[in-house]
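Q: Quick one: the structure is below, questions incoming.
The values are calculated or read from the model by the stated rules, or taken from the named source; none is laboratory data. Keep in mind it's a predicted model, so treat the numbers as computed, not measured. Cβ placement follows ideal geometry from the backbone for every residue including glycine, while neighbour counts extend to all protein chains displayed. With ligands, DNA and RNA removed, areas are computed over all heavy atoms of the protein, side chains included. Shrake-Rupley method; radii C 1.70, N 1.55, O 1.52, S 1.80 Å.
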Protein chains: 4
Amino acid sequence: MKDSSKKTTWKMRLHEIIYEADTKEGKLFDVVLLIAIIASILLVMLESVDSFDEKHHKALYVGEWIITILFSIEYILRIISIKKPSKYIFSFYGIIDLLSTIPIYLSFIFVGSQGLVALRALRLLRIFRILKLARYIGASNKLMLALKASRAKIAVFLFFVLIVCIILGTVMYMVEGAENGFTNIPKSIYWAIVTLTTVGFGDIAPQTPLGQLIASVIMILGYSIIAIPTGIVSSEMTKTTSKEDHNTQSCPNCLKENHKEKAVFCYNCGSILNP
Amino acid sequence: MKDSSKKTTWKMRLHEIIYEADTKEGKLFDVVLLIAIIASILLVMLESVDSFDEKHHKALYVGEWIITILFSIEYILRIISIKKPSKYIFSFYGIIDLLSTIPIYLSFIFVGSQGLVALRALRLLRIFRILKLARYIGASNKLMLALKASRAKIAVFLFFVLIVCIILGTVMYMVEGAENGFTNIPKSIYWAIVTLTTVGFGDIAPQTPLGQLIASVIMILGYSIIAIPTGIVSSEMTKTTSKEDHNTQSCPNCLKENHKEKAVFCYNCGSILNP
Amino acid sequence: MKDSSKKTTWKMRLHEIIYEADTKEGKLFDVVLLIAIIASILLVMLESVDSFDEKHHKALYVGEWIITILFSIEYILRIISIKKPSKYIFSFYGIIDLLSTIPIYLSFIFVGSQGLVALRALRLLRIFRILKLARYIGASNKLMLALKASRAKIAVFLFFVLIVCIILGTVMYMVEGAENGFTNIPKSIYWAIVTLTTVGFGDIAPQTPLGQLIASVIMILGYSIIAIPTGIVSSEMTKTTSKEDHNTQSCPNCLKENHKEKAVFCYNCGSILNP
Amino acid sequence: MKDSSKKTTWKMRLHEIIYEADTKEGKLFDVVLLIAIIASILLVMLESVDSFDEKHHKALYVGEWIITILFSIEYILRIISIKKPSKYIFSFYGIIDLLSTIPIYLSFIFVGSQGLVALRALRLLRIFRILKLARYIGASNKLMLALKASRAKIAVFLFFVLIVCIILGTVMYMVEGAENGFTNIPKSIYWAIVTLTTVGFGDIAPQTPLGQLIASVIMILGYSIIAIPTGIVSSEMTKTTSKEDHNTQSCPNCLKENHKEKAVFCYNCGSILNP
């Protein structure tokens, strides 16, 4: 029994280090993990730069293995230290953690047997390790609340943008035609999106006067309707902000509402508020 | 009489299915229509991609006829099931529905007799079928209200943008001249709009130092005045939002206004509010 | 004396037609003027399109003279019908009206005697006729009030943008150098403005990795700080909007403030408010 | 003792002129400094324009020395006139003032001994003299307060933007590949930033249909999420604005809070508020 209790304590301590950041060791674990993630992303980036890869191929290879082993240990420790491993394994972060370690092992297995393309795609999957960073943000902040509250309106807005781009893209295809770069409707719609969102690559640009007139309309439209998502989020955030300053209880004496968050007495009649 | 009543019931049922979405059949009708619209848009797009059209021309042709017949049936059913057909026929959606079916029939009639250009334009009109989707949004949402309320201000803003673009476009035509791509005033105004709206294609770009100085002014102006439509919509939406939290009735006892939406008692004197 | 009174009446009537829009004739005058302004702007534009000018040179020339004579008559009538002509002549609109007529007369005088460049610039000055349209907007609308109220803050913002562009432009000149298009500091600052304002022509683009890194910083900076002018105007407009719904008087009985604009009774105690 | 007092007075007077702007001499000092800073920035810019530098090299050289000597005198006077020189020397403005004078002296020493590159970089450091202008803004304005209050949220937003750009950049590298300009991951991430921030240089643009589809998603994403920083700053500024209209005191009689800034009587019960 003593041994079992010891084991539990050991597991609990590990849990504290890995899943919390209150203790000294917990903070150290977080910092090491953070550095490993960033180093890993840098490795993937540098590997894709041919001139760098040629010079330092070995160093990159070794670094990759060190990080993979680190992440593998982290993954195993997370499974061991939690009471219900299945809950972690099938959670968002559990899947991300698994995907952060597997590709390199798979690429080791498939070397030689399969083509380079699949291998390369597999190795690039490592970039999703950056999602491990999401753990450090926390999902319940006010920003997300405001976005969630305005989800429906933003969907309507995006739908409206899409309809406008499809219609105007087709019109531009009619007006400009293939000889000016608008080779087909999907490409014309792509151009309409590039223009409406005020990106404006310039790889395709209208050449005829009528095309330039329609383009002007699209641009001014895009320049104006950007106000819509902004207005939605602004008003939603102002609402969230002003709501959090007031509570919803009413005074037991005078029925007055909208008391400050920390009010003890009713601001109107002075009677004590219900806690 | 019995037959007539039966007929009416049959019509009413059809009306329910087509114009409402509460029953099972009504929902099914909506889903089928939605799929037909999206499929139709995809057909128009794919038809314009030459490499795809060459391979699958027959499939596209058959698909187009299936959708056209579907839409024709829908159009006829809508006319039959409504009490006053003229009201539907001349409504916005009635015209859209008609335009969604006619082009393909017309193109069938005109084949051979007229040129390809008119035919092509006619066939591309089918893209407006996407407006059939507008039925699913509903026009009375808050977004539209905020936009309608700020219509006058946005018109003044667009008018201001246009004046600025006309003046600055002409100045750039004077400064840069035809040798740097500013071949005439309409084109220079087009360039001014491209720049002010921060799109910046780069097909025309100022080359002289003075031209680049004026371009800088236009860009900073465009970057700053985007705040205006945004500010208008934001303040309008904040207003709409704060209004909807309060009702407009006044307390029968103390005349106090601005009661919360769900208030039963007056928040000031406690007397019961009129329902 | 009778004659003088008659004359005054005639002048007053003219004043009413020209400066006001309440009478039938006043409205007609406004509409004719509006059409003349727009026609004039179109003439200037079309004149600059070489292919159009070659074909219809005579028509453009005649049209120009008709409009110039119309504007000349308008200018003279405005001076005659006003009590203090000097007040009009030196006002903003007086100067615009003068500049709308003079260039064409001057160009008539200077033909042959001077070079084409001065002449062309003179003729293009006619584009400022569009400012005659400003009369129809009115300067005292809420938009202008919000902009005026946030003038100081916007100036600080623009000053900040300029400092950032000067420093980052110089840094880019150091990093990229003349071989990548950053030939001198003014041009690099121009590029920094193009990038920060998210216009992005692409006529100059960073080629070195370090340059692209700094460009990324500029772009994200520009993408984020656009929130500042927007935030300023939004909050200023929200303030203006909420202020206008309430007046500043207090109830003579209960001293309560913030009454609705049209309130007759105090919303709190029901006593009559001071008018 | 008299002499010492005289000296102190002389120092105090100098302090008043240099550090304050209330006296006539203080204002004059500020104006001269302002002109010197702007002239200095113009000199650095013009020096970089080869065609101008060749013609007026001597004038630029002389102008540079005049300004450097002026700034050196200013720096010495600032040290002399302050009680604790060390406090000034190690302050932000102290360091800026030192950096505004040193480069030119150093460049004088190093001429011939070292390469041109270091010298050029040194001379360009003079552009940071523009930061001397920051003295005239003042750091405690409302804009800065709103930005400081929303610092944490903006950091989360930028972090989110970075993660999105890294992932989408890598995906584009996979999809488009080196043959379409996406030569390596860092460059693809640079492109993703260019696109998401709606800058859109167009030096790199997607060529494959799938690449253009992903680019469309990035653009619409960038077009929509610009609402987030704007919403944050707007709501923060609205909050700051509405707070400043109310004071924080409570009525001594009825405990009511949120009195208007200039209220004398309680707006609820009419008792006199504490001053």
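Q: Residue by residue through region D:25-72, note down the ones that are farther than 20 Å from D:S107 by Cα and over 26 Å from the mean Cα position of the chain (by Cα).
A: Passing the criteria: D:E25, D:S51, D:F52, D:K55.
Q: Is it fair to say A:L168 is surrounded by fewer than 19 Cβ atoms within 10 Å (Cβ to Cβ) and away from chain D (no Cβ under 13 Å)?
A: Against the criterion (surrounded by fewer than 19 Cβ atoms within 10 Å (Cβ to Cβ) and away from chain D (no Cβ under 13 Å)), A:L168 does not qualify.
Q: Looking at region B:179-197, is at least one residue among the hydroxyl-bearing types (S, T, Y) and under 19 Å from C:I193 (Cβ atoms)?
A: Within region B:179-197 (the criterion being among the hydroxyl-bearing types (S, T, Y) and under 19 Å from C:I193 (Cβ atoms)), the answer is yes, since at least one residue qualifies.
Q: Moving on. Could you list, in sequence order, all residues of region B:192-203 that are over 14 Å from A:I220 (Cβ atoms) and either crowded, with 24+ Cβ neighbours inside 10 Å or touching a strand residue (DSSP E or B) at 6+ places or on another chain (Cβ under 8 Å) (or both)?
A: B:G200, B:F201, B:G202
Q: Continuing with the same structure: Name the pairs whose Cβ atoms lie under 6 Å apart, with the first residue in region A:44-73 and assigned to a loop (DSSP other than H, G, I, E, B), the second surrounded by 15 or more Cβ atoms within 10 Å (Cβ to Cβ), and 6 or more positions between them or separate chains?
A: From residues that are assigned to a loop (DSSP other than H, G, I, E, B), the pairs are A:V49/D:N184.
Q: From the list D:S81, D:S51, pick out the single residue that is open to solvent by less than 70 Å² (accessible area, probe 1.4 Å) and assigned by TED's automatic domain parsing to the domain that holds D:T9.
A: D:S81
Q: Scan region C:164-199 for residues that are farther than 21 Å from B:I226 by Cα and among the hydrophobic types (A, V, I, L, M, F, W, C) and jot them down.
A: Within region C:164-199, C:I166, C:I167, C:L168, C:V171, C:M172, C:M174, C:V175, C:A178, C:F182, C:I185, C:I189 meet the criteria.
Q: Count, please, the residues in region D:191-237 that happen to be within 9 Å of chain A (Cβ to nearest Cβ), under 30 Å from C:I232 (Cβ atoms) and small (G, A, S).
A: Summing the residues that are within 9 Å of chain A (Cβ to nearest Cβ), under 30 Å from C:I232 (Cβ atoms) and small (G, A, S) in region D:191-237 gives 7.
Q: Return yes when A:I96 is surrounded by fewer than 18 Cβ atoms within 10 Å (Cβ to Cβ) and in the same structural domain as A:S48 (by TED's automatic domain parsing) and no when it is not.
A: Judged against the criteria, A:I96 is a match.
Q: Does any residue in region D:177-188 that is facing chain A (nearest Cβ under 10 Å) and under 17 Å from D:I167 (Cα atoms) come within less than 8 Å, Cβ to Cβ, of a residue that is open to solvent by 20 Å² or more (accessible area, probe 1.4 Å) and of a type in the set (A, V, I, L, M) six or more places away or on a different chain, and which pairs are these?
A: D:N184/A:M45; D:N184/A:V49; D:N184/D:A178; D:I185/A:M45; D:I185/A:V49; D:P186/A:M45; D:P186/A:V49
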